[in-house]
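**Q** This is the structure I want to talk about, given as structure tokens.
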2 protein chains.
Amino acid sequence: MKIVCLDMEGVLTPEIWIRVAERTGIRELRLTTRDEPDYDQLMRRRLSLLRKRGITLRRIQGIIASMRPLAGAGGFLSRLRGKVPVAVLSDTYYEFAMPLMKKLGYPVLFCNGLSTDRRGFIADYHLRQPNGKREAVLAFKRMGFRVAAAGDSYNDLAMLRAADRGVLFNPPPKIAEECRSLRTTDSYPGLLKELLR
Amino acid sequence: MKIVCLDMEGVLTPEIWIRVAERTGIRELRLTTRDEPDYDQLMRRRLSLLRKRGITLRRIQGIIASMRPLAGAGGFLSRLRGKVPVAVLSDTYYEFAMPLMKKLGYPVLFCNGLSTDRRGFIADYHLRQPNGKREAVLAFKRMGFRVAAAGDSYNDLAMLRAADRGVLFNPPPKIAEECRSLRTTDSYPGLLKELLR
């Protein structure tokens, strides 16, 4: 019995922070875990920038509400869910992701949470647990599942390596080069085939 | 951060074995975990009966394909998935459940598997792990989730008791009486309220 674990941003949806950077004009928000592997450092910078520039959670949610899944992601995910159970494992936040999950037919999502202050600014982020993606894969293995996983970024590598089968989807050349032991594909038909193999 | 775990049969769908009993005319197949708490004993009897009466897996799948979720289950599940991540935890088999999951928009399902022999009879059943429902709840807790769970039968009690909040949905009077410490509801609006509390 098999379960498939998918990263969200880069596999099913665009990168949320890049879209927020574009819409707010704050170029520094463009940095992702592709650029800065230390996640806490990345988040501290983001939250500080948002506060300085007067951008509340509600404003960000408005931007995210206008986003759509990647072209082809909906069809890919439907076909996959018709074959095997699928869980989306992400370092994003429920407060961000829900409108995108709705557009994908509510696959189950394991991610993190945000808290806000009285003025509506994001005060802090709350990880469910350290290394959440990897821990979820290990938990599924302990439940008796074989696990196939797909991701595109630094923050996916521990998950991909913990899985029985790890697949890189459309990774930046630097990551593809560093991880030659993982299978790589850049199309949804290719990804479907690799995950169901 | 919260996750909701739902039993399938009795909460979202009718009891599969009861429908199979009705359609095949084999009355003994009506017995469920509501009647026989020893699951292995129940399954051995079922598989032996099916073989004696010439009923293959494909025949059973044909019967299940004609089943529909319980009235109101689809709307309940959609509303719930719009608020929190949801996992369906069942003692059924992927080979049985997939047509029903399709009709419910493919919520993630953690269940078990079947193997068949050359003639198409069910040869054996394969549990992912012992006490699968309870173990899934404990795994979600270790992942940092608060867990709310709903079920209706003997095979749900360990799951309901392991959860932070356990709710009985439309249980037979005997179980409701034995489990007075659990909340009980018999409507989807009531269940939604209990699970999101």
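**Q** May I ask you to list the lysines whose Cα is less than 27 Å away from that of A:LYS174, ignoring any residue fewer than eight positions away on the same chain?
**A** Straight-distance partners of A:LYS174: A:LYS133, A:LYS193.
**Q** Taking 7 Å along the Cα-to-C-beta vector as the label spot, tell me the A:ARG146-A:SER78 distance in nanometres, rounded to one decimal.
**A** Distance between label points: 2.8 nm.
**Q** Okay, next question. Please find the FRET efficiency linking B:LYS52 to B:ILE18, where r is the Cβ-Cβ separation and R0 is fixed at 22 Å, and quote it to the nearest 0.05.
**A** 0.70
**Q** For chain A, with a Gaussian network of springs between Cα atoms less than 10 Å apart, report the residue from A:ASN155, A:ASN170, A:ASN131 with the top mean-square fluctuation.
**A** A:ASN131
**Q** Now for a separate question. Roughly how tilted is helix B:39-52, in degrees to the nearest 10 and between 0 and 90, from the longest Cα axis of chain B?
**A** 30
**Q** What span do the alpha-carbon atoms of the range A:1-113 cover on each of the three principal axes, reported in whole Å from largest to smallest?
**A** 48, 28, 22
**Q** Then there is this: How much net charge surrounds B:ILE63 when only the other residues with a Cβ under 12 Å from the Cβ of B:ILE63 are counted, with Lys and Arg +1 and Asp and Glu -1?
**A** +3
**Q** Kindly provide the helix-only [θ] at 222 nm of chain B, computed as the sum of -39,500 (n - 2.57) over DSSP H runs of four or more divided by all residues, to the nearest 500 deg cm²/dmol?
**A** Here the helix-only value at 222 nm equals -12000 deg cm²/dmol.
**Q** Give me B:ARG180, B:ARG59 sorted ascending by neighbouring Cβ count inside 10 Å, so fewest comes first.
**A** With the fewest neighbours first, B:ARG180, B:ARG59 line up as B:ARG180, B:ARG59.
**Q** While we're on this one: Can you give the local net charge around B:ASP186? Use residues other than it whose beta-carbon is closer than 12 angstrom to its beta-carbon, Lys and Arg +1, Asp and Glu -1.
**A** Every neighbour counted, the sum reads -1.
**Q** On to the next question. In peptide A:142-151, what is the residue-averaged number of other protein chain Cβ atoms found within 10 Å of each Cβ?
**A** 3
**Q** Still on this model: What is the spread of the Cα atoms of the protein assembly as shown along each of their three principal axes, largest first, in whole Å?
**A** Cα extents, longest axis first: 70, 46, 30 Å.
**Q** Same structure, new question: Extending each Cα 7 Å along its Cβ direction at B:SER187 and A:ASP117, get the distance between those two points in nm, one decimal.
**A** Reported label-point gap for B:SER187 and A:ASP117 is 4.4 nm.
**Q** Of the candidates B:GLY62, B:GLY54, B:GLY166, which one comes out as most mobile in a Gaussian network treatment of chain B with C-alpha springs shorter than 10 Å?
**A** Largest GNM mean-square fluctuation: B:GLY54.
**Q** Would you kindly work out, in nm and rounded to one decimal, the distances from the label point of A:LYS52 to those of the same position in each other copy, ordered shortest first, with label points 7 Å along Cα-to-Cβ?
**A** Once sorted, the set of distances for A:LYS52 reads 7.8 nm.
**Q** Going by a ≥ b ≥ c, the root eigenvalues of the Cα gyration tensor, does chain A fall in the rounded group (a/c under 1.5), the prolate group (a/b larger than b/c) or the oblate group?
**A** It is prolate, given that a/c is not under 1.5 and a/b is the larger ratio.
**Q** Report, in degrees rounded to the nearest 10, the 0 to 90 angle that the Cα long axis of helix A:132-142 makes with the longest principal axis of chain A.
**A** 30
**Q** Sort A:THR116, B:THR33 so that the residue with the fewest other Cβ atoms within 10 Å of its own Cβ comes first and the one with the most comes last.
**A** Exposure proxy ranking, most exposed first: A:THR116, B:THR33.
**Q** Based only on other Cβ atoms within 10 Å, what is the fewest-to-most ordering of B:ARG119, B:ARG45, B:ARG183?
**A** Going from sparsest to densest Cβ surroundings: B:ARG119, B:ARG45, B:ARG183.
**Q** Angle between the Cα long axis of helix A:94-103 and the longest principal axis of chain A, 0 to 90 degrees, nearest 10?
**A** 60
**Q** Now, a different point. For chain A, what's the relative contact order in percent, using C-alpha pairs closer than 8 Å and at least 6 residues apart?
**A** This gives 25 percent for chain A.
**Q** Apply 1/(1 + (r/R0)^6) to the Cβ-Cβ distance of A:ASN131 and A:ARG197, taking R0 = 41 Å, and write down the FRET efficiency to the nearest 0.05.
**A** 0.95
**Q** If the elastic network links every pair of Cα atoms under 10 Å, which of A:LYS103, A:LYS83, A:LYS141 fluctuates the most in the Gaussian network model of chain A?
**A** A:LYS83
**Q** Quote the FRET efficiency, to the nearest 0.05, computed for B:ARG44 versus B:LYS174 with a Förster distance R0 of 35 Å and r equal to the Cβ-Cβ distance.
**A** Using R0 = 35 Å, I get an efficiency of 0.90.
**Q** Between copies, how close do the B:ARG142 label points come, placed 7 Å along Cα→Cβ, listed in nm from shortest?
**A** 0.0
**Q** A further question on this structure: Treating the point 7 Å from Cα along Cα-beta-carbon as the label, what are the nm separations from A:LYS174 to the other copies, to one decimal?
**A** In ascending order, 6.5 nm.
**Q** Just the projected area, averaged over all directions, of the convex hull on the alpha carbon atoms of the range A:18-65: how many nm²?
**A** 3.2
Every read-out reported here was derived from the displayed coordinates using simple, explicitly stated rules and does not represent laboratory data. Here the structure is a predicted model, which means the values were calculated and not measured. Note: ideal-geometry Cβ built from the backbone for every residue, glycine included; neighbour counts use all protein chains shown.
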